[in-house]
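Down below is the structure, laid out as structure tokens.
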Amino acid sequence: MPVDSVENTIRTAVATALGEVGLEGLPSRPAEVHLERPANPDHGDFSTNVALALAKRNGRNPRELAAELVGLLEAADLAHVEGIEIAGPGFVNFRLAPTWLHERIGLVVAEGSGYGRSGMGGGRRVLVEFVSANPTGPVHAGHARGATYGDALARVLEFAGFEVGREFYINDRGVQMKTYADSLAARAAGEDPPEGGYMGAYISEWASEMPEGADPLEWGYEFALAEQRRVLGALNVEFDRWFSERDMVATGAIETTLEDLRDRGVVEDRDGAVWLRSTDYGDDKDRVLVKSDGEFTYLLPDIAYHRDKFSRGWQLLVNVWGADHHGYVPRMKAAVQSLGHDPDDLEVVITQLVRLEREGSEVKISKRSGDLVTLEELIDEVGADAVRLTYLLQSVDSPQTVDLDLIVAQSNENPVFYVQMANARLNSIDRVATERGFERLPLAGVDLSVLTHERELAVMRVLHELPAVVELAARERAPHKVTTWVRELAGAVHGFYHDCPILSPDTPEELRQARWWLAESARIGLRVGLDLLGVSAPEAM
RNA sequence: GCCCCCGUAGCUCAGCUGGACAGAGCGUGGGACUUCUAAUCCCGUGGUCGCAGGUUCGAAUCCUGCCGGGGGCGCCA
């Protein structure tokens, strides 16, 4: 059952050997033995630095200590291990027989679409809130980063054993709604929007669809929401709940929250306004909850919303915000604490800005000025898969430059083709095999030990990494690590496909069967990875 | 002024809890299609990992300072 059985075997043996040597500062559990996959194949399949790490505090020479360990480990006669060597300043390297990788195929095939799934999350209930664009315009190319990231993160967290919810918070009240409605009304009447209004071309287009006599605010609200939902759906992004700010007004949740905060003694009245003493919780200044004119600031409904999230049993809140909102993190953290929660119960992931370029110069995204690249245009031009993979290529910590000309060009500079091609090729094997009357035998009867070609081993090595990649991506909230892995697997598949023919008459039947199952496990792996990214895996291209 | 993110090959970016000569794609130069899709594969080219200190047996990775770039510091959302 343990996915990392080889690693566990080695770790346990190392821990045991260390115990026999009798050293200070030993790892308390085998899992703490540092074991890594060396980048250099000359350094074996696995390597540990324990001799280096423990030498100094035990007054030992690292290489001598390593030698002692090697002696004990060799005597243990570990499964799959062909050679144990000391290298460099005191690394202990393990060289394994390919058999350790052959097991992987059976595992992947047995687990299928569940391969790589982890129980790491332990069922902890995590609510991911993302996009949350104002209902005053279309989602645009800038929203796509948060949308794809939040959705992929949710998928990764689910796969890693968390119970996950996805929500979109709708700021459906406040001044921006009125500005939007006024702009719509003006365009509908054939006039320019008022000072400070929305100048975007979409306002005119939408206004032309507004029925005679409709309330611009209500009609505009519903229309914008429907548009956002439709376009995000086209990007394969769905939410469990669209949470309306207005609903909290209707239910009195905002007032209730304010009373709650008063009861907790964290608010005070000052200068005619109501303040949250957020400085008590690390914010750099106190924040106004109710303005002196009696209106709520945006903050109070936000607090009420987060209070609501917790009240529904969510244990960890992950908010995906754009870089322009990072300044609000301390006050939201303070707000969460003022409600009696741990500040770590709220995590805010800041996605850095996307710079869009076309013909080498920047394309600005501004709703007010109207120079907008809508998400829909992007999807229409390149497809949802390319949009998703492009945005999921790199860490959201890094500013991203997206060259619209390139992803529109559908050239080989777009990695989505590379990855989907690998999948299509694997599928074509099955297709052609059927045409030619080849039959794949049950895996149990196939001898996988004939898989010794470097191309074959490379595919198995990459497949082996997926469980660790899933856990890492979940722990670090970094779904782009899955993207990197998928690209690596696709690369290994292309090499394998090129050098290891399956249906060729020159391929011995025994080898054909083994390779065929390897191809099948690679196909499963690609599909799992692509599913985590929300990218489709077409069978043919 | 204070806070956050980034600064790795000509370009766009990976680099897991520090590890053994720094990677990928694109670009560029040269090869491979009577054989399961050449949207592929192979070989070559290309880097003072922003700079300077520090911690460490060992730093692209951790700490400090500085220099660049981006974003933010409202009784606006």
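Listed here are the residues, each with its yes/no results for (1) under 25 Å from A:LEU518 (Cα atoms); (2) open to solvent by less than 70 Å² (accessible area, probe 1.4 Å); (3) touching a strand residue (DSSP E or B) at 6+ places or on another chain (Cβ under 8 Å).
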residue	(1), (2), (3)
A:GLU7	yes, yes, yes
A:PRO27	no, yes, no
A:GLU32	no, no, no
A:PRO62	no, yes, no
A:ALA66	no, yes, yes
A:ASN93	no, yes, yes
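Taken as a whole, the condition of being near RNA strand B (Cβ under 9 Å from one of its atoms) and β-branched (Val, Ile, Thr) applies to A:VAL402. Only one entry of A:GLU238, A:GLU195 meets the criterion of being without any contact (Cβ under 8 Å) to a residue 24 or more places away in the chain and either open to solvent by 70 Å² or more (accessible area, probe 1.4 Å) or at positive phi (or both), and that entry is A:GLU195.
If A:SER132 passes every condition in (1) within 16 Å of RNA strand B (Cβ to nearest atom); (2) in contact (Cβ under 8 Å) with a residue 40 or more places away in the chain but one, which one does it miss? Among (1) within 16 Å of RNA strand B (Cβ to nearest atom); (2) in contact (Cβ under 8 Å) with a residue 40 or more places away in the chain, the lone unmet condition for A:SER132 is (2).
Filtering A:VAL470, A:VAL450, A:VAL482, A:VAL419 for residues that are surrounded by 18 or more Cβ atoms within 10 Å (Cβ to Cβ), more than 11 Å from RNA strand B (Cβ to nearest atom) and either in contact (Cβ under 8 Å) with a residue 60 or more places away in the chain or aliphatic (A, V, I, L, M) (or both) leaves a single hit, A:VAL470. Taken over the stretch A:254-296, the residue count meeting the criterion of being surrounded by fewer than 17 Cβ atoms within 10 Å (Cβ to Cβ), of a type in the set (S, T, N, Q) and part of a helix (DSSP H, G or I) is 2. Residues that are open to solvent by 40 Å² or more (accessible area, probe 1.4 Å) and part of a helix (DSSP H, G or I) were ranked within the stretch A:485-522; the one that is farthest from RNA strand B (Cβ to nearest atom) is A:GLU510. Highlighted here are the helices (runs of 4 or more DSSP H) found entirely within the stretch A:1-100 that include at least 3 residues which are away from RNA strand B (no atom under 13 Å from the Cβ): A:5-21, A:62-76. Each residue in the stretch A:24-53 was checked for being closer than 19 Å to A:GLU64 by Cβ, at pLDDT below 80 and touching a Lys or Arg at 6+ places or on another chain (Cβ under 8 Å), and 2 pass. Hey, could you check the stretch A:300-358 for residues that are β-branched (Val, Ile, Thr) and assigned to a helix (DSSP H, G or I) and say which is farthest from the chain's Cα centre (by Cα)? Per the stated criteria, the residue is A:ILE303.
Report yes if some residue within the stretch A:262-272 is within 16 Å of RNA strand B (Cβ to nearest atom) and touching a strand residue (DSSP E or B) at 6+ places or on another chain (Cβ under 6 Å); otherwise report no. Yes, there is a match, as at least one residue in the stretch A:262-272 is within 16 Å of RNA strand B (Cβ to nearest atom) and touching a strand residue (DSSP E or B) at 6+ places or on another chain (Cβ under 6 Å).
Looking across A:LEU426, A:LEU378, one residue alone is touching a residue at least 12 places away in the same chain (Cβ under 8 Å), in contact with a helix residue (DSSP H, G or I) (Cβ under 7 Å, 6 or more places away or on another chain), over 30 Å from A:PHE162 (Cα atoms) and away from RNA strand B (no atom under 13 Å from the Cβ). It is A:LEU378.
The lone criterion from (1) under 23 Å from the mean Cα position of the chain (by Cα); (2) away from RNA strand B (no atom under 13 Å from the Cβ); (3) within 25 Å of A:PRO38 (Cα to Cα); (4) open to solvent by less than 20 Å² (accessible area, probe 1.4 Å) left unmet by A:MET460 is number (1). Cβ separations smaller than 7 Å between residues 6+ apart or across chains give the following pairs from the stretch A:161-181 residues that are over 11 Å from A:LEU127 (Cα atoms) and among the small types (Gly, Ala, Ser) to residues that are near RNA strand B (Cβ under 10 Å from one of its atoms) and open to solvent by 40 Å² or more (accessible area, probe 1.4 Å): A:GLY174/A:TYR298.
Of all residues in the stretch A:152-186, those being touching a helix residue (DSSP H, G or I) at 6+ places or on another chain (Cβ under 6 Å), outside any loop (DSSP other than H, G, I, E, B) and among the polar types (S, T, N, Q) number 1.
The values are calculated or read from the model by the stated rules, or taken from the named source; none is laboratory data. Note that the coordinates shown come from a computational prediction; the quantities given were computed from them, not determined experimentally. All Cβ positions, even for glycine, are placed from backbone atoms using ideal geometry, and neighbour counts span all protein chains on display. Just so you know, the surface numbers come from the protein's heavy atoms only, side chains and all, with ligands and any DNA or RNA stripped out. Shrake-Rupley method; radii C 1.70, N 1.55, O 1.52, S 1.80 Å.
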